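Shown next, in structure tokens, is the structure this report addresses.
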Amino acid sequence: MTDSVTAPSSRLGWRRAATILFSLGILALALRGLANEFDDHGYRAIRDAFHPLGAGQIALAVVLGLASYACLIGFDAIGLRRSGKRLHPARVGITAFLAHTLGQTLGFAALTGGAVRLRGYGGAGLSLAEIGQVVLMSTLGFVFGAWLLLALAFLLEPGAAALALPVSAQVVRVLGGVALLAYVGTVLLVGRDGRTFHIRGHALWLPDRRTMLGVTALSVVELVLASAAFYVLLPMDTPTGLPGFVGLYLVAVLAGLISSVPAGLGVFEWSLLKLLPQVAPAAVLAAALIYRVTYYVLPLLLATLLAVVPALRRPLKVGAGATRAGWTALRPWLPQIIALAVFSVGAALVIDGTLPTPRRHLLHASLPILETSHLLGSLAGVVLLLIGQGLQRRSHAAWVLALAICVIAPLPIWLRGGQVLIALASVLVAMALWASRREFYRQGALLDEAWSWPWIRNLGLVLVAVIWLLFFVYSHVEYQNELWWQFAAQGNAPRALRALLVVAIALAIFGLARLLHSTRTPLPAADGATLEALAPILQEAQDTQACLVLTADKAVLRDAAGHGFVMMQRYGGSLIAMGDPVGPPEVARALIWRFREEADRLGLRPVFYQVGEAYWQTYLDLGLTLVKLGEEAMVPLQDFGLEGRERADLRQAWNRGKRGGLSFRVVPPAEVPALIPALAVVSQQWLDDKAGDEKGFSLGSFDPAYLARFPVAVVEAEGRIVAFANLWQAPAGHELSVDLMRHVDDAPKGTMDFLFIELFRWGRENGFHRFSLGMAPLSGLAQHRLAGRWNRFANVVARHGERFYGFSGLRRFKSKFAPQWRARYLAAPGGMHLPAALLDATRLISLSPRKG
């Protein structure tokens with residue numbers, strides 16, 4: 001079952017890896033195309049192109065960019081107005097600003113921005129459908145505005161677009177006219193109430209005519225402002241006017257979106273170089289760099305400031321109005337905002353280590369200090385890149401390390417003559433980290449953090465860009481091995497090589513440490529004193545499964561009053577609870593939430609293994625998914641007997657055992673230690689015959705201390721123990737069960753049937769109402785062709801895995817005792833967390849206590 005479960009996850013992993021490689025390949029090709037536009041002194045040409053840019057141009061670019069973001073906030077306002085919900089303007093403004101800032105920076109704006117809105121607006125009471133309406137309105141706004149502007153640009157200035165497209169200017173003009181007519185036709189078709197179109201079975205909803213025109217007008221203004229923020233940075237003699245540039249800008253933006261590279265990095269710049277052949281490439285790239293800072297980095301810094309200011313004004317008064325509403329909207333996203341800011345500072349430090357040191361700094365810099373600070377700055381940058389995801393997951397260890405680096409980083413930046421803006425950004429991020437320190441509470445080592453595919457992609461993009469930048473900046477320097485050992489004040493190329501080597505070594509060490517570090521370090525098991533304290537709770541337990549806590553291989557989470565507990569253990573990225581919490585219903589429900597909080601604190605996914613139906617609603621409230629693992633066989637004991645035709649097979653097995661000289665007795669716990677040597681012989685023969693090893697977590701193992709806690713049922717033949725089973729009891733629930741059931745290889749045929757029959761009789765005589773035969777895995781699942789994917793997949797596993805495990809054989813064996821069946825479930829996060837949770841639980845169970 002394990003291999004089958006992991007197959008879909010493996011395929012998805014390869015698919016995601018292919019997506020990352022595609023993005024890296026696109027970026028590498030775009031950067032190569034950029035490099036081909038220059039001679040050996042491309043970096044110097046770009047640096048010189050910054051000089052004509054005045055402070056007024058940059059300030060105007062900032063104002064136009066922020067005005068563009070203000071229009072983007074308007075899309076959310078329109079979507080919320082259609083939902084009929086009134087929210088505080090501060091919540092709307094901050095949520096929309098964060099959604100667009102993160103969406104523009106990370107790419108996949110609909111998904112990234114949708115996640116931001118889900119938290120920001122969901123906390124205010126909006127339903128998923130209403131939030132989807134806002135996301136759709138934002139997406140349609142860009143589509144309508146880009147559609148209309150491109151149509152007008154193609155129609156009015158086709159020559160500029162024809163330079164980048166493999167068609168003539170006349171064809172471009174025709175395309176523009178067709179696109180404009182299509183837009184007008186769509187406006188007429190949607191009517192007064194909107195319309196739904198079906199394309200290949202997918203429904204596409206379009207708003208009513210008035211809303212469509214309003215969103216289009218707002219989008220046109222927003223896109224013109226965004227393109228104007230770039231246009232004002234171009235040289236004054238640029239032959240293309242602003243109306244024509246808007247169309248070129250949109251083509252470059254669409255190329256970046258198609259590439260799937262975050263913010264279209266590299267692809268956007270290369271497209272503009274092709275679309276503006278009359279403008280010097282150095283001037284285009286200089287404008288692009290300033291535009292990246294003003295349109296992407298500056299909003300991110302403003303989002304970080306938003307994270308600092310409300311936190312510094314705590315405690316907030318109840319009537320604080322906009323401040324309180326803004327803080328409520330912002331707080332769920334503090335870790336993501338700060339993680340992105342830390343990642344950006346790290347990328348800036350690594351990139352800055354590749355660039356030449358300014359000559360003015362070389363005049364008064366000490367060579368040893370210059371070299372050391374250069375390496376330390378690059379090392380600090382790569383560490384920030386690596387721990388950014390830990391911050392996103394609220395890791396306290398990542399917070400401590402990031403705060404220390406951001407506080408110290410300005411010193412090596414200053415000593416190596418780095419950019420002052422990077423030092424200021426580092427200080428600002430340090431302030432944000434300190435102000436939001438309460439948000440980073442999760443324990444656990446940094447090496448335990450599982451890496452997400454988007455974070456791996458972003459790290460790869462930074463490294464590709466840095467390597468390209470190294471070769472681009474120093475393309476005029478001929479490579480020699482001696483460069484590595486040249487230490488000189490003006491030895492910029494050797495310093496950049498050594499900085500890149502430090503980055504590579506740090507990445508290699510981190511990767512090896514993750515490979516060698518076990519992410520399955522178990523939680524400390526409950527000690528003897530804790531187990532003794534649980535005795536009163538076990539006496540009141542309704543389910544014999546609670547006795548598993550006495551295996552002493554699990555940690556215990558207790559409620560404050562000591563009336564209940566959860567037995568749990570960690571494996572991989574999961575915190576796994578064995579069964580439902582033990583205790584009264586109200587205590588159990590509270591413990592489910594306590595367990596969820598503990599999993600959140602440790603940065604692990606919460607998993608409940610083999611739970612019943614009592615608390616399914618609470619598990620759903622946690623946002624978990626329930627999948628059926630199988631059914632537990634429960635034999636009623638009050639009317640159990642060997643009389644009647646339906647009991648003929650059991651009666652024959654019991655009589656055969658009696659005639660074969662089998663005898664049965666139950667040994668009380670006080671007498672079990674004296675039997676341990678004889679029981680050990682039986683257990684070892686059983687293990688040798690099964691060619692297996694002890695299991696754990698959901699099963700007990702042969703441990704003398706564990707066995708001595710329970711009565712042990714033994715079957716003897718000619719004075720020798722041939723089979724035994726330790727008895728679990730739940731007196732309050734009148735339930736009896738067994739854990740270890742083992743026999744010698746030469747035991748008489750039917751010994752185990754005889755053992756169970758005698759156990760049923762003994763249990764009835766001692767006042768027990770039911771006997772649990774344990775779970776039959778993957779049984780009782782829905783067989784319908786329209787059943788859920790898990791049911792269909794599990795049925796395939798049970799059908800084709802019969803020769804490996806014997807799923808149907810185990811159910812047939814238990815069925816002959818005429819049991820009642822009750823379902824057992826796995827409660828875990830859905831999506832791709834589900835197969836990971838199943839895999840972690842399976843591996844934890846198969847982990848031998850002797851090896852663990």
Determine, for Lys749, Lys554, Lys628, Lys274, the number of other Cβ atoms within 10 Å of each Cβ, and report the residues in order from fewest to most. Lys749, Lys274, Lys628, Lys554
Starting from 0.36 nm per residue, how many nanometres of slack lie between Val666 and Leu305 once their C-alpha separation is accounted for? 122.9 nm
For the range 537-591: Kirkwood Rh in Å [reciprocal of mean 1/r, alpha carbons]: 11.4 Å
Given a Förster distance of 56 angstrom, what is the FRET efficiency for Gln638 paired with Lys85, based on the Cβ-Cβ distance and rounded to 0.05? 0.45
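Looking at the calculated P(r) for the range 617-660, what percent of the C-alpha pair distances fall above 13 Å? Spell out each step's value before the answer.
Numbers: 692 of 946 pairs.
So the pairs more than 13 Å apart make up 73 percent of the total in the range 617-660.
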Between Ala508 and Asp745, what length comes free when the chain is fully extended (0.36 nm per residue of separation minus the Cα-Cα distance, one decimal in nm)? 80.1 nm
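Write down the Å³ per residue value for the convex hull defined by the alpha carbon atoms of the range 694-769.
Given the Cα convex hull of the range 694-769, per-residue volume reads 114 Å³.
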Distance in Å, no decimals, from the C-alpha centre of the range 651-709 to the one of the range 737-776 is 11 Å
Karplus-derived 3J(HN,Hα), 6.51/-1.76/1.60, for each residue of the range 244-259, Hz, glycine and proline x: x, 5, 4, x, 5, 4, 5, 4, 5, 5, 5, 4, x, 5, 5, 5
How many angstrom lie between the C-alpha centres of the range 37-93 and the range 256-276? 17 Å
Loop-only check: which GluC sites (Glu not before Pro) in the range 601-677 are DSSP coil with at most 11 other Cβ within 10 angstrom? Glu643
Inter-label distance, nm, simple model (7 Å from Cα along the C-beta direction), Trp414/Val62: 2.3 nm
Evaluate the Debye formula for the range 546-663 with equal point scatterers sitting on the alpha carbons, no solvent, and hand back log10 of I(q)/I(0) at q = 0.22, 0.23 Å⁻¹, in q order, two decimals. -1.28, -1.40
For the range 643-733, what is the convex hull volume of the alpha-carbon atoms per residue, in Å³? 160 Å³
Could you compute the FRET efficiency for Thr372 and Leu213, with r as their C-beta to C-beta distance and R0 at 60 Å, rounded to 0.05? 0.45
Cut-off is 10 Å between beta-carbons; in what order do Val174, Val502, Val382 appear when sorted fewest neighbours first? Val174, Val502, Val382
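Could you list, in their original order, any pairs among Lys628/Lys814; Lys85/Lys628; Lys628/Lys695 whose Cα atoms are separated by more than 27 Å?
Checking Cα-Cα distances, Lys85/Lys628 exceed 27 Å.
Which value, in debye to the nearest 20, gives the size of the charge dipole of the range 614-738 about its Cα centre, when Lys and Arg are +1 and Asp and Glu are -1 at the Cβ?
420 debye
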I need Arg209, Arg195 ordered by Cβ neighbour count within 10 Å, fewest first. Arg195, Arg209
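In whole Å and largest first, what semi-axes does the C-alpha gyration tensor of the range 389-441 yield when each eigenvalue is scaled by 5 and square-rooted? Could the numbers behind the result be given before it?
Working: eigenvalues 107, 20, 13 Å².
They are 23, 10, 8 Å, listed largest first.
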To make sure I understand the rule: partners must be aspartates and glutamates, Cα under 15 Å from the Cα of Lys274, and not fewer than 8 residues away in the same chain. Which ones qualify? Glu37
Segment Asn36-Val221, length gained on full extension (0.36 nm per residue, minus Cα span): 63.1 nm
Using label points projected 7 Å from each Cα along Cα→Cβ, tell me how many nm separate Ser815 and Ala732, to one decimal. 3.6 nm
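The numbers here are math on the coordinates, done by the rules we state, and not lab data. Computed from a predicted structure; not experimentally measured. Cβ sites come from the backbone with ideal geometry, for glycine too, and all protein chains shown count toward neighbours.
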